[in-house]
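Here the structure is laid out as C-alpha cells; the discussion comes afterwards.
Each value in this text was obtained by applying a stated rule to the coordinates, not by laboratory testing. Predicted model only: the values in this text are computed from it and were never measured. We place every Cβ from the backbone using ideal geometry, glycine too, and count neighbours over all the protein chains shown.
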Amino acid sequence: MFIIGERINGMFKSVAEAIQKKDKKVIRDLALKQVNAGANALDLNVGPAVAEPLEAMIWLIETVQEVAKVTLSIDTTKPEVMEAGLKICQNQAIINSISAVKEKMDTLIPLAKKYNSLIIGLTLDEKGIPQTVEGRTELACTILTRLIDEEISPENLYLDPLILPVNVAQDQCPLVLETIKQIKLLSDPPPKTLLGLSNVSQKTLDRSLVNRTYAVMSLAYGLDGAILDPLDEELMKAVITAELLLNKFIYCDSYLEAYRKK
Amino acid sequence: MEKVLEKWTSKINEMVIGATKEEGGTRSKKVHIGGETTLPFLHFEGEIPYPPVVALEVWDIPPEEWSFISEDLKEVVNDPLLWAKKVEEWGADLLCFRLASAHPEKDDTSPEKCAEKVKKILETVKLPLIILGCGQPDKDGEILLKVSEVAKGENCLLGMAAKDNYKTVVAAATYGGHSIIAETPLDINLEKQLNILITDLGFLAERIIAHPTTGGLGYGFEYCYSIMERTRIAGLQGDKMMAIPIINLVAQETWKHKEAKVNENEAPQWGVLNKRAIAWETTCAVGYLQSGADILVLAHPQSLINVKKAISELMIKT
C-alpha cells in the first residue's frame with residue numbers, strides 16, 4: 001500500500017508549536033521516524049491556526065527535504081500555498097487535494113499538469129459528499145474524465161471516497177468500501193484509491209483498533225493507498241499482513257521485516 | 001496495433017564473479033550476471049544486459065556416482081588440475097570446483113588440505129571460480145573458512161550457505177571478499193527467509209545468488225521451474241529479497257539418474273546412452289534458462305557447447 005504519513009500536521013499541538021517557533025528538530029524527527037516506519041510519502045499541513053500559511057508551508061517543505069528524499073503531499077486548501085509548495089518540491093509531489101468542485105479543478109489541474117504532480121481527488125462537489133455509492137462513484141468518474149481530457153495520466157490520480165467518523169456516519173463505513181470496489185471498475189487499468197484513514201476513528205475510544213480494522217477491510221476491497229499514522233505499529237503490522245494475505249508479496253517467516261527491507 | 005508490454009518496476013541485482021589483476025586478483029576475466037529488467041529473453045520488454053553463463057564442474061576426486069562422466073572423461077577425472085585445464089580449454093565461462101572428498105563419509109579431507117587444493121586450481125587455471133564444499137553443512141562451513149582465505153581477493157562464489165551453516169559461510173565470504181550461493185529446499189518461502197537471515201548479518205543482497213534446488217529433468221524439474229519463475233517475478237516487482245540471480249546445478253541433478261546411466265543394451269527403447277545422457281543435461285539446462293537461470297553448472301563439454309549455442313540464439317534481439 002502507498003502510505004502517506006499524516007503526522008506533520010498543524011492540528012497536532014507539537015507540530016503547531018514547532019511551526020510557530022521554527023523548531024526544525026521536531027519536524028525532522030517526525031519526518032525520519034515516519035519514513036523509517038514505512039511511509040512512502042509525507043503529508044504536510046500547516047494547520048488552521050497559523051498566521052502565514054504560505055511561509056509556514058515553505059518552511060515545512062524545506063525542513064523535511066533537508067533530511068528525507070521522500071514524496072511530499074502538500075495538504076492545503078489555498079491554491080497559492082499549493083503552487084508555492086509544488087515549486088520547491090525536489091521530487092514529484094502530491095496535490096492534496098482536488099475535488100469535483102469545478103472551481104477547484106479549474107485552478108488545481110493546471111498546476112498538476114505544470115508540476116507533473118500526483119493528485120488526490122475527493123468525491124465531493126458543490127453539494128457536499130454524496131450519501132450513496134453511486135453518487136460518490138459518479139464524482140470519482142467526473143474527476144477521472146476531467147484528468148483524461150486534460151491529458152494527465154490516470155496513474156497520477158488517487159481517488160478518495162471520503163470515509164467519515166464511525167460515530168457520526170456509521171452507515172457510510174460499508175458504503176465507502178463498496179465505493180472503492182466500484183471505482184476500480186471505472187477504467188482499465190483501474191484507477192487508484194486512497195483513504196484518509198484516521199478519519200474513521202475520530203473521537204472513538206480505541207482509535208488504533210478502529211483504524212487498523214478498517215484498513216484491513218479497505219485493502220480487501222482494493223484500496224491502494226492511505227494517509228495514516230505510520231508510527232502506529234499495530235496498524236502497520238495489520239496493513240502488511242493484509243497485503244500478504246492478498247498475495248501481494250511472497251510469504252516468509254520474517255515477512256514483516258522483509259516488507260520493511262523493500 | 002499497440003503492443004501490450006509488461007512494465008516492471010525493479011531489476012535483478014548485478015553480480016561480478018572473478019577478479020582480474022586490476023581488482024587485485026589473478027583471474028583472466030570477470031563474469032557479469034544479473035541486471036535483468038524483464039523475464040528471460042523478452043528483449044522487447046526490458047534489458048538483459050548479460051547473457052546467462054555456463055560453468056563446468058571439476059571434482060577433487062573422480063565422480064564415481066556419475067558413471068557416464070567418469071567413463072567419458074576418464075582421461076581427466078583422476079587429475080583435477082588436468083581436468084581444470086580442459087574445462088578452460090573447452091570454453092566454460094566459470095569453473096565449478098567441488099571438494100567432494102571432504103565429505104565425512106568419503107575421505108573426510110581436512111579444511112587445510114581443501115584449501116591447498118583450491119590454491120593449486122587457482123594457480124593452474126585463470127577462470128573465475130565457483131567453489132563448492134562436499135554437501136555436508138557443518139563440514140562445508142569449516143572448509144569454506146579456510147578456502148576463503150587462500151582465495152582472498154579472487155572474488156569467487158562460495159557454496160553452499162544453508163539454514164544450518166549460513167553464519168559461518170557468510171563470515172568466510174566476508175573475510176575473503178567473496179559472494180555466496182544461498183541454498184534452500186524447493187520452497188520459495190524458505191528461499192526468501194534465508195536471504196533475509198543472510199542480509200541481517202550485514203551481508204549485501206548483491207553478493208547472494210540463490211540455489212532454490214535444481215530439480216532434474218523428470219525429477220521435479222517443473223517444481224523448480226515454477227519457483228524460479230515466481231522468484232523472478234517478485235524480484236522484478238520490487239521484492240529486494242527476491243531480486244537476486246539464480247544458479248542451477250544441472251550436472252548434479254542429471255548424472256546420478258538412470259536416464260544418464262543405463263546404456264542402450266539394458267534399455268534399448270531409450271536409445272544410445274551417449275546421445276541421450278548429453279541431451280538430458282542439455283535439455284534440463286535450456287529449460288532453466290527460460291525460468292531465469294543466470295548460471296548453469298554442467299559437467300559434459302558437449303552439453304556446454306549445446307547450451308552456449310542455445311544462449312547465443314536466445315540473446316538475439318528480434
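Debye sum, Cα scatterers, segment B:190-318, no solvent: what log₁₀ I/I(0) at q = 0.15, 0.23 1/Å?
Here the Debye-derived log intensity ratios amount to -0.75, -1.29.
Given the -39500 (n - 2.57) contribution per DSSP H run of 4+ residues, what per-residue ellipticity at 222 nm results for the protein assembly as shown, rounded to the nearest 500 deg cm²/dmol?
The per-residue figure over the protein assembly as shown is -13000 deg cm²/dmol.
Using only the Cα atoms of segment B:97-224, construct the convex hull and provide its projected area averaged over every direction, in square nanometres to one decimal.
8.0
Please build a GNM for chain B, connecting alpha carbons under 10 Å apart, and tell me which residue among B:228, B:241, B:160 fluctuates the most.
B:241
Restricting to Cα pairs below 8 Å that are 6+ residues apart, what does the relative contact order work out to for segment B:14-314? Please round to a whole percent.
19
Only four residue types carry charge here, +1 at the Cβ of Lys and Arg and -1 at the Cβ of Asp and Glu. Report the dipole size of the protein assembly as shown about the Cα centre in Debye, rounded to the nearest 20.
780
Quick check on the protein assembly as shown: of the DSSP beta bridges with both residues there, what percent are antiparallel, nearest 5%?
If I count the DSSP bridges inside the protein assembly as shown, around 10 percent turn out antiparallel.
Under 18 Å from a point 7 Å along the Cα-to-Cβ line of residue A:155: which residues of segment A:218-262 have their amide N that close?
Of the residues in segment A:218-262, A:224-225 have backbone N under 18 Å from the label point off residue A:155.
Under a Cβ-Cβ cut-off of 11 Å, what is the net charge of the residues other than residue A:223 that fall near it, where Lys and Arg count +1 and Asp and Glu count -1?
Around residue A:223, the charge tally is 0.
Tell me, how many Å apart are the Cα centres for segment B:93-126 and for segment A:86-131?
Going from one Cα centre to the other spans 65 Å.
For segment A:74-138, build the convex hull from the C-alpha positions and give me its volume per residue in Å³.
Enclosed volume per residue, from the Cα hull, is 81 Å³.
Once you list every other residue whose beta carbon is under 14 Å from the beta carbon of residue A:131, what net charge do they have if Lys and Arg are +1 and Asp and Glu are -1?
Around residue A:131, the surrounding residues sum to -3.
So what is the relative contact order of segment A:55-129, in percent, for Cα pairs below 8 Å that sit 6 or more residues apart?
This gives 28 percent for segment A:55-129.
At q = 0.10, 0.13 Å⁻¹, work out log10 I(q)/I(0) for the protein assembly as shown with the Debye formula, treating every Cα as an identical point scatterer and leaving solvent out; two decimals please.
Here log10 of I(q) over I(0) equals -0.89, -1.19.
How large is Rg over Rh for segment B:14-314, taking Rg from the Cα atoms and Rh as the Kirkwood inverse mean of 1/r across Cα pairs?
Result for segment B:14-314 is an Rg/Rh of 0.94.
Return the Rg/Rh value of segment A:2-261, two decimal places, where both radii are evaluated on C-alpha atoms and Rh is the Kirkwood radius.
Over the Cα atoms of segment A:2-261, Rg/Rh equals 0.95.
Could you tally the net charge around residue A:66, taking each other residue with its Cβ under 14 Å from the Cβ of residue A:66, Lys/Arg +1 and Asp/Glu -1?
Once all neighbours under 14 Å are counted, the net charge is +2.
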